[in-house]
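The values are calculated or read from the model by the stated rules, or taken from the named source; none is laboratory data. These numbers come from a predicted model, not from an experiment. FYI the Cβ positions are ideal-geometry reconstructions off the backbone, even for glycines, and counts take in every protein chain you see.
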Amino acid sequence: MRKKVIAGNWKMNMKPLQAEEYMREFIELIKNAQSEVIICAPYIDLERLVEITKKTNIKIGAQNMHWEETGAYTGEVSGSMLKSIGVEYVIIGHSERRQYFAETDETVNKKVKAALNNELKPIVCVGETLEQKEKGITNQVITNQTKLALEGLTQEQVENIIIAYEPIWAIGTGKTATSEDANNCIISIREEISKIYGQNIASRVIIQYGGSVKASNAQELFTTSDIDGALVGGASLKPEEFEKIVNYDK
Ligand code: 13P
């Protein structure tokens, strides 16, 4: 049985003091949660959040990283830097990075490898645009993104990644994929992993859904056969709202 993994992606929100205030409240609200809980915060918040969550059930993630370890890459942060402050997860290939910051399948693959080499768990995002959905090529797009993101990984490494299926048309729009459609897309992604790494490994990989997840649709999404949790944007910005998603089973 796969566990549920529920991650908040704060995106470009929350200054350090706001982050600290949020976290002190959130720790109390979710201390009995059954799911694994991750908060992916801006770089400037990470060290403080790692410190505050040390003896709790909350893990901390970054939202991006560079694939090189060190060097002349102004403005970038490496996986070994994240690891050095106790960060455990990192989102890679979010559609906003693909759309606005020239992230490609190739850079996603390099970052996934660099994250794993630094013992960080990547949360790899895949998802189709509205245009691709309307053309009927969703499955082709998301299975291809998955294949390219995982290229060259060992079986052992694949077990340490999380995939987040985030249809781009559902992000921040209030439009959620139906639980049936989201589940079917996730089944296709799992089948793609199975083709490369075998059924056994594929059945163990955590695959989340993301895109307008909120308290009112969390339970329906999470009780499908293959959706193993969520990557939550807007609804993760308020502790009392995110708590309802994390505690969807209470
Ligand atoms: P929303 O939950 O705000 O739609 O964002 C989803 C997302 O992009 C999470 O990474």
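Some values worked out for this structure:
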{"quantity": "Residue 64 vs. criteria part of a loop (DSSP other than H, G, I, E, B) and either touching a helix residue (DSSP H, G or I) at 6+ places or on another chain (Cβ under 9 Å) or not aromatic (Phe, Trp, Tyr) (or both)", "calculated": "yes"}
{"quantity": "Cβ pairs under 9 Å, 6+ apart, first in segment 166-189 and under 19 Å from residue 9 (Cβ atoms), second surrounded by fewer than 17 Cβ atoms within 10 Å (Cβ to Cβ) and aliphatic (A, V, I, L, M)", "calculated": "167/130; 168/130; 169/130"}
{"quantity": "Residue tally, condition outside any helix (DSSP H, G or I) and under 30 Å from residue 57 (Cβ atoms), over segment 72-114", "calculated": "12"}
{"quantity": "Members of segment 199-217 that are more than 15 Å from residue 155 (Cα to Cα), in a loop (DSSP other than H, G, I, E, B) and under 15 Å from the mean Cα position of the chain (by Cα)", "calculated": "211, 212, 213"}
{"quantity": "Candidate set from segment 48-96 (those that are among the charged types (D, E, K, R), surrounded by fewer than 19 Cβ atoms within 10 Å (Cβ to Cβ) and within 20 Å of residue 162 (Cβ to Cβ)); member that is nearest to the chain's Cα centre (by Cα)", "calculated": "88"}
{"quantity": "Evaluation of residue 229 against (1) on the phi > 0 side of the Ramachandran plot; (2) more than 9 Å from the ligand (Cβ to nearest atom); (3) exposed (fewer than 15 other Cβ atoms within 10 Å of the Cβ) (one fails), failing number", "calculated": "(3)"}
{"quantity": "Identity of the residue in segment 189-198, farther than 17 Å from residue 129 by Cα and under 18 Å from the mean Cα position of the chain (by Cα), that ends up surrounded by the most Cβ atoms within 10 Å (Cβ to Cβ)", "calculated": "193"}
{"quantity": "One residue from 154, 146 being over 17 Å from the mean Cα position of the chain (by Cα), of a type in the set (Val, Ile, Thr) and modelled with pLDDT of 95 or more", "calculated": "154"}
{"quantity": "Residue in segment 166-176 that is charged (D, E, K, R), in contact with a helix residue (DSSP H, G or I) (Cβ under 7 Å, 6 or more places away or on another chain) and more than 15 Å from the ligand (Cβ to nearest atom) present", "calculated": "no"}
{"quantity": "Options 241, 191: the member that is within 16 Å of the ligand (Cβ to nearest atom), assigned to a helix (DSSP H, G or I) and of a type outside the set (A, V, I, L, M, F, W, C)", "calculated": "241"}
{"quantity": "Any pair with Cβ under 8 angstrom, 6 or more apart, that starts in segment 123-141 at a residue that is farther than 16 Å from residue 164 by Cα and ends at one that is outside any strand (DSSP E or B) and among the aromatic types (Phe, Trp, Tyr)", "calculated": "130/169; 133/169"}
{"quantity": "Selection status of residue 216, within 18 Å of residue 4 (Cα to Cα), of a type in the set (Gly, Ala, Ser) and more than 16 Å from the ligand (Cβ to nearest atom)", "calculated": "no"}
{"quantity": "Boolean, residue 121 is basic (Lys, Arg), under 22 Å from residue 62 (Cα atoms) and surrounded by fewer than 20 Cβ atoms within 10 Å (Cβ to Cβ)", "calculated": "yes"}
